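No value in this document is a laboratory result; all are computed from the given coordinates. Since the structure is predicted, the reported quantities are computational estimates derived from the model, not experimental observations. Cβ: placed from backbone, ideal geometry, glycine included. Neighbour counts: every protein chain shown.
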Amino acid sequence: SAVISQKPSRDICQRGTSLTIQCQVDSQVTMMFWYRQQPGQSLTLIATANQGSEATYESGFVIDKFPISRPNLTFSTLTVSNMSPEDSSIYLCSVDGQGTYEQYFGPGTRLTVT
Amino acid sequence: GENVEQHPSTLSVQEGDSAVIKCTYSDSASNYFPWYKQELGKRPQLIIDIRSNVGEKKDQRIAVTLNKTAKHFSLHITETQPEDSAVYFCAAITNDYKLSFGAGTTVTVRA
């Protein structure tokens, strides 16, 4: 499977600021996704990052709060904007396994908002 | 959208015993069912999966069964070992490749 990295691995941010998280894959992938995992909870899909077009957001997530870029087939960013303590979570990107349904996750970014 | 329910939320087993986790899904169009294992502080790892045209799949001590009619699928871990202690998530996917996860099961294997 692809090697997936995320930056930063963790950060502590002040409320009202924004943080951009990067997801890099060592090979071209068709699908890239962003998930949120709140403390002690399951994973919730935020959006599908579409290469060359706007991301597709799930119910409850909006572009103004979570803008996403996908400039090519190996890279995507997720920005968490105007942060509040409720945004404290682990944010994970995932990629498909070469056109299969299998999905593999990056190591995650642990965000704490104070 | 898809709704996946997972039971139990916690499971404690004696080392060497079996563990079973059950999930149900709502969307009959779901056609792929992966299981992920997440150790503390780590990323979820895909451990086994099953497609809708298969009833059972085995990989060493892990097996997954699927009942499409009843819309439920289960993970079976035999001869449990301390390293099996983790949170396990079931998930379901439809043709749009979007994963819907269950709430998770915390498995503790007692030595």
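Worth pointing out:
- Test item: B:38-48 mean partner chain Cβ contacts at 10 Å: 4
- Cross-link partners of B:Lys68 among lysines (Cα-Cα below 21 Å; sequence separation of 8 or more within a chain): B:Lys22, B:Lys57, B:Lys58, B:Lys98
- Among the cysteines of chain A, A:Cys13 have no other cysteine beta carbon within less than 4.7 Å of their own.
- Candidates A:Gln51, A:Gln98, A:Gln24: whichever shows maximal mean-square fluctuation once chain A is modelled as a Gaussian network with Cα springs under 10 Å: A:Gln98
- Inter-probe distance in nm under a simple model that places probes 7 Å from Cα toward Cβ, at B:Gln60 and B:Ser28: 3.9
- Descending by average beta-carbon neighbour count within 10 Å, the peptides B:24-31, A:41-48 line up as A:41-48, B:24-31, the highest first.
- Under the criterion of Cα pairs below 8 Å and six or more residues apart, the relative contact order for region A:44-114 equals 21 percent.
- For chain A, the calculated P(r), taken from all Cα-Cα distances in 5 Å bins from zero up to the bin holding the longest distance, is 2, 13, 24, 26, 20, 10, 4, 1 percent.
- A Cβ-based charge dipole, computed about the Cα centre of region A:1-99 with Lys and Arg at +1 and Asp and Glu at -1, lands at about 180 debye.
- Inter-chain Cβ neighbour count for A:101-108, averaged per residue, equals 6 (cutoff 10 Å, partner chain atoms only).
- Rounded, prolate or oblate (a/c below 1.5 giving rounded, otherwise prolate when a/b exceeds b/c) for the protein assembly as shown by Cα gyration tensor: prolate
- Inter-chain neighbour count for A:26-37: the average number of beta-carbon atoms from partner chains within 10 Å of each residue's beta-carbon is 1.
- Cleavage-rule hits (GluC sites (Glu not before Pro)) in region A:24-86: DSSP loop, at most 14 neighbouring Cβ within 10 angstrom: A:Glu54
- Gyration tensor (alpha-carbon) shape descriptor, chain B, a/c threshold 1.5: prolate
- Fully extended contour minus Cα-Cα distance, from A:Ser69 to A:Gln24, at 0.36 nm per residue: 15.0 nm
- Candidates per GluC sites (Glu not before Pro) in region B:10-60, loop by DSSP, up to 10 other Cβ within 10 Å: none
- Dipole magnitude for chain B: about 160 debye, using +1 per Lys or Arg Cβ and -1 per Asp or Glu Cβ, origin at the Cα centre.
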